[in-house]
Amino acid sequence: MLTINQGEVKKILIAELGYSSFEANSYLRDYPAIHDELVEVVQQWLQDRTITDFNVFGLSLKEYMRNHRAHFLMAVRDFNRLFDDDLTPGRRERLIGIMHKPVIIR
């Protein structure tokens with residue numbers, strides 16, 4: 001598991017993603033530790049903002065970001081949930097189904 005450096009990520013959220021300091025703090029308050037399956041992808045992004053595509057359960061991180069209009073940290077948070085030990089197989093399947101569907105924004 002990887003616990004992100006909240007100070008470093010807060011700077012990224014503010015400088016690169018347009019968050020206010022309050023919004024960044026609020027966003028990061030409950031940001032989860034990153035499961036081992038996603039650590040390499042997250043470390044690469046933190047180093048140089050390269051988004052390495054990650055595929056699991058038929059889901060592509062880049063496609064998810066595009067279809068859900070999510071920035072990298074949002075997508076990682078959502079993908080991270082798929083690896084939680086307390087997630088039952090049925091709930092995991094429902095979550096995967098939801099994540100496969102694009103968000104419609106009007």
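So, in Å, what gap is there between the alpha-carbon centers of the stretch 2-39 and the stretch 54-94?
Here the two parts' Cα centres lie 17 Å apart.
Going by how many other beta carbons lie within 10 Å of each one, how would you line up I14, I98, fewest first?
Ascending Cβ contact count within 10 Å gives the list I98, I14.
Which trypsin sites (Lys or Arg not before Pro) does the stretch 38-68 hold that lie in a coil by DSSP with at most 16 other beta carbons within 10 Å?
R49
Roughly how compact is the stretch 6-100, stated as its Cα Rg over 2.2 N^0.38 Å to two decimals?
1.10
If amide hydrogens are placed 1.01 Å from N in the peptide plane, which non-local residues have theirs closer than 5 Å to the one on I34?
L2, T3, I4
Once a ≥ b ≥ c are taken as the square roots of the eigenvalues of the Cα gyration tensor of the stretch 1-54, is the result rounded (a/c under 1.5), prolate (a/b larger than b/c) or oblate (a/b not larger than b/c)?
oblate
Each reported figure results from applying straightforward, stated rules to the coordinates on display, with no laboratory input. All values reported here derive from a predicted model rather than from experimental measurement. Quick reminder, even Gly has a Cβ in these numbers, built from the backbone with ideal geometry, and neighbours come from all protein chains shown.
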